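*Asks:* One structure coming up, written as structure tokens, with questions to follow.
The values are calculated or read from the model by the stated rules, or taken from the named source; none is laboratory data. Everything numeric in this text was worked out from a predicted model, so none of it was measured. Methodologically, a virtual Cβ is constructed for each residue, glycine included, from the backbone with ideal geometry; neighbour enumeration extends over all protein chains shown. Each accessible area value is taken on the protein alone, full model and side chains, heavy atoms only, with ligands, DNA and RNA left out. Shrake-Rupley method; radii C 1.70, N 1.55, O 1.52, S 1.80 Å.
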Amino acid sequence: MIPFLDLKAQYSQIKPEIDAAVARVVGSGHFVLGPEVTAFEGRFAEYCRTAHCRAVNSGTSALHLALLAAGVGTGDEVITVSMTFVATTAAILYSGARPVFVDVDPVTWTMHPGSIEAAITPRTKAILPVHLHGQMADMDSIMEIARRHGLVVIEDAAQAHGAEYRGRRAGSIGDLGCFSFYPGKNLGAFGEGGAVVTDRAELARRVSLLRDWGQETKYNHVIPGYNYRMDEIQSAILNVKLNYIERWTEARRSLAERYNALLSDLLCPRPQPPPYARHVYHVYAVRLPWRDEALTLLREAGIGAGIHYPVPVHLQTAYAELGYRAGDLPVTEMLANDFLSLPIYPELLPEQVVEVASTLRNAALRPSQVTSDRAEHPESLVTRSHNRRAS
């Protein structure tokens with residue numbers, strides 16, 4: 001058996017440190033917004049190369065509070081992508097704003113800068129790019145558009161701890177950056193957790209107030225707020241794991257290189273990070289027009305595999321009221337139909353990568369496998385999408 005993710009293997013390697021950290025918190029009797037949270041905030045801000053970090057109870061809360069801190073509210077619009085987990089869209093709606101979806105680039109699979117300006121209206125307040133699978137969006141282009149139009153930029157870096165774009169860390173380029181520490185993330189807690197990072201002191205202050213009932217001091221509520229605080233046990237665990245994140249990231253990158261080599265002659269487009277980018281491979285996804293057959297064969301062989309995400313947000317029933325239809329975001333929809341996520345985590349063995357790749361190759365040789373022009377020529381979909389919007 002090769003699991004898609006093996007959190008037990010990670011825990012077994014650092015068990016004494018984790019157990020000691022949890023016991024320390026339990027023995028202290030201090031469980032919410034205490035010294036462990038403060039220590040983690042300082043260390044994670046340094047890791048992200050930002051001035052401030054505010055820890056919260058989930059990545060969704062991080063996005064929600066970042067939007068509110070930036071002044072996004074009722075009647076505003078936020079430009080984002082549909083190729084993401086639904087939390088990105090939900091946070092925008094929580095703030096009272098409306099998500100406006102643009103398509104993604106067919107090579108990097110992140111927000112296509114060329115789609116942004118056509119989506120800007122007088123109601124647009126912010127741009128919210130998603131660093132999908134651990135690869136950062138084209139932030140220089142996005143920031144240039146945002147500054148020219150006076151818009152806020154909030155990075156959804158929930159899958160991109162330690163990713164880099166031209167030497168700058170995820171979360172450090174936009175006005176605010178948002179992270180999730182859900183257990184399966186590259187830096188994962190033993191439950192829920194999240195953080196907002198920023199270089200702007202006033203934005204950090206507003207997030208601090210908003211996460212703790214709007215309190216400036218105890219029982220002194222200066223703005224309406226929320227109960228979005230991170231607990232001490234999660235911070236203590238993250239403080240331990242932060243010691244290992246670079247080692248784990250390099251392991252992921254090494255495994256991804258091995259996948260790339262083993263799949264190099266197979267018709268399955270893979271992540272294509274630019275030479276100036278550091279992809280951290282939260283997910284290693286390939287594009288397969290015969291995805292469902294491959295998934296079945298992998299599972300029959302005892303290999304865990306998944307799909308991120310089979311139905312893009314704009315086509316989810318829960319968000320039908322936004323008014324999007326099939327065909328509105330052709331590249332996003334193509335990726336949703338083709339994506340297959342393969343096992344990748346620091347404890348995965350090189351010989352297991354060989355087994356996964358070999359099984360995938362066997363799936364490619366099955367006579368019932370289908371072919372598709374979109375596997376080789378996705379750029380035509382971008383042109384079609386732009387023409388549709390222009391008309």
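*Asks:* Tell me the mean residue ellipticity at 222 nm calculated for the chain from its helices only (DSSP H runs of n ≥ 4, each -39500 (n - 2.57), averaged over every residue, nearest 500).
*Replies:* The per-residue figure over the chain is -12000 deg cm²/dmol.
*Asks:* To the nearest 20 Debye, how big is the dipole of the range 201-274 about its Cα centre, given +1 on the beta carbon of each Lys and Arg and -1 on that of each Asp and Glu? Working shown, then result.
*Replies:* Values: 11 positive and 9 negative charges, 8 e Å.
That gives a dipole near 40 debye.
*Asks:* I would also like to ask the following. FRET efficiency for E202 and R49, Cβ-Cβ distance as r, R0 = 22 Å, nearest 0.05?
*Replies:* 0.70
*Asks:* Find how many whole Å separate the alpha carbon centroid of the range 200-257 from the alpha carbon centroid of the range 12-34.
*Replies:* That distance is 17 Å.
*Asks:* Would you work out the charge dipole size for the range 146-230 about its Cα centre, treating the Cβ of every Lys and Arg as +1 and the Cβ of every Asp and Glu as -1, and quote it to the nearest 20 debye?
*Replies:* Dipole size: approximately 180 debye.
*Asks:* Turning to a different aspect of this structure: Just round it to a whole percent: the fraction of Cα-Cα distances in the range 10-70 exceeding 14 Å.
*Replies:* Numbers: 1259 of 1830 pairs.
The share of Cα pairs beyond 14 Å in the range 10-70 comes to 69 percent.
*Asks:* Let me ask something else about it. Once you have all Cα-Cα distances for the range 205-263, histogram them in 10 Å bins from zero and send the whole-percent values.
*Replies:* For the range 205-263, the binned pair fractions read 20, 23, 21, 18, 13, 5 percent.
*Asks:* Which whole-number percent is the relative contact order of the chain (Cα, under 8 Å, 6+ apart)?
*Replies:* Relative contact order of the chain: 21 percent.
*Asks:* Counting Lys and Arg as +1 and Asp and Glu as -1, what is the net charge of the other residues whose Cβ lies under 13 Å from the Cβ of V22?
*Replies:* Residues close to V22 contribute a combined charge of -2.
*Asks:* Going by average Cβ neighbours within 10 Å, how do the peptides 138-147, 97-106 rank, with the highest at the top?
*Replies:* 97-106, 138-147
*Asks:* Further question: Summing +1 for each Lys or Arg and -1 for each Asp or Glu, what net charge is found among the other residues whose Cβ lies under 12 Å from the Cβ of A204?
*Replies:* In short, +1.
*Asks:* Return the equivalent ellipsoid semi-axes of the chain as a descending list in whole Å, where each equals the square root of 5 times an eigenvalue of the C-alpha gyration tensor.
*Replies:* Working: eigenvalues 226, 162, 54 Å².
Three semi-axes, in Å: 34, 28, 16.
*Asks:* One quarter of the convex hull surface, Cα atoms only: what value does that give for the range 1-137 in nm²? Mind showing how you got there, number by number?
*Replies:* Details: hull surface 46.8 nm².
The directionally averaged projection comes out at 11.7 nm².
*Asks:* Which of the listed residues, C178, G75, T88, is farthest toward the dipole's positive end in the chain, when Lys, Arg count +1 and Asp, Glu count -1 at the beta-carbon?
*Replies:* Working it through, the farthest residue towards the positive pole turns out to be G75.
*Asks:* What share of the DSSP beta bridges in the chain is antiparallel, in percent to the nearest 5?
*Replies:* Expressed as a percentage, antiparallel bridges in the chain total about 60.
*Asks:* Could you work out the percent of alpha carbon pairs in the range 187-306 separated by over 16 Å, rounded to a whole number?
*Replies:* Result: 76 percent of Cα pairs exceed 16 Å.
*Asks:* For A326 and A261 in the same chain, what is the full-extension length gain: residue separation times 0.36 nm, less their Cα-Cα distance, in nm?
*Replies:* Gain in length upon complete extension: 19.9 nm.
*Asks:* Share of antiparallel DSSP beta bridges in the range 118-188, in percent to the nearest 5?
*Replies:* 25 percent
*Asks:* Still on this structure: Among E36, E117, E321, determine the one that fluctuates most according to a GNM of the chain built with springs between C-alpha atoms less than 10 Å apart.
*Replies:* Answer for the Gaussian network model of the chain: E321.
*Asks:* To make sure I understand the rule: partners must be lysines, Cα under 21 Å from the Cα of K241, and not fewer than 8 residues away in the same chain. Which ones qualify?
*Replies:* K8, K15, K185
*Asks:* Dipole size in debye (nearest 20) for the chain around its Cα centre, Lys and Arg Cβ +1, Asp and Glu Cβ -1? It would help to have the intermediate numbers written out before the result.
*Replies:* Values: 38 positive and 42 negative charges, 80 e Å.
That gives a dipole near 380 debye.
*Asks:* So what's the net charge close to V313: Lys and Arg +1, Asp and Glu -1, counting the other residues with Cβ under 14 Å from its Cβ?
*Replies:* It works out to a net charge of -3.
*Asks:* If you don't mind, there's one more thing I want to ask. Taking a probe of 1.4 Å, how large is the accessible area per residue of the chain, in Å²?
*Replies:* Using a 1.4 Å probe on heavy atoms only, each residue of the chain averages 41 Å².
*Asks:* Convert 37 °C to kelvin, take the viscosity as 0.692 mPa s, use the Kirkwood radius over C-alpha pairs of the range 193-235 as Rh, and evaluate the Stokes-Einstein diffusion coefficient in µm²/s, rounded to a whole number.
*Replies:* Details: Rh = 11.0 Å.
Answer, rounded: 300 µm²/s.
*Asks:* If you don't mind, another one. If you stretched the chain out fully between N220 and V240, how much longer would it get, using 0.36 nm times the residue separation minus the C-alpha to C-alpha distance?
*Replies:* Contour length minus Cα-Cα distance gives 3.8 nm.
*Asks:* Still on this structure: Please report how far the C-alpha centroid of the range 280-334 lies from that of the range 85-160, rounded to the nearest whole angstrom.
*Replies:* Cα centroid of the range 280-334 versus Cα centroid of the range 85-160: 20 Å apart.
*Asks:* Something else: Heavy atoms only, 1.4 Å probe, whole protein assembly: order F181, F85 by accessible area, highest first.
*Replies:* Values: F181 0, F85 120 Å².
Correct descending sequence by accessible area is F85, F181.
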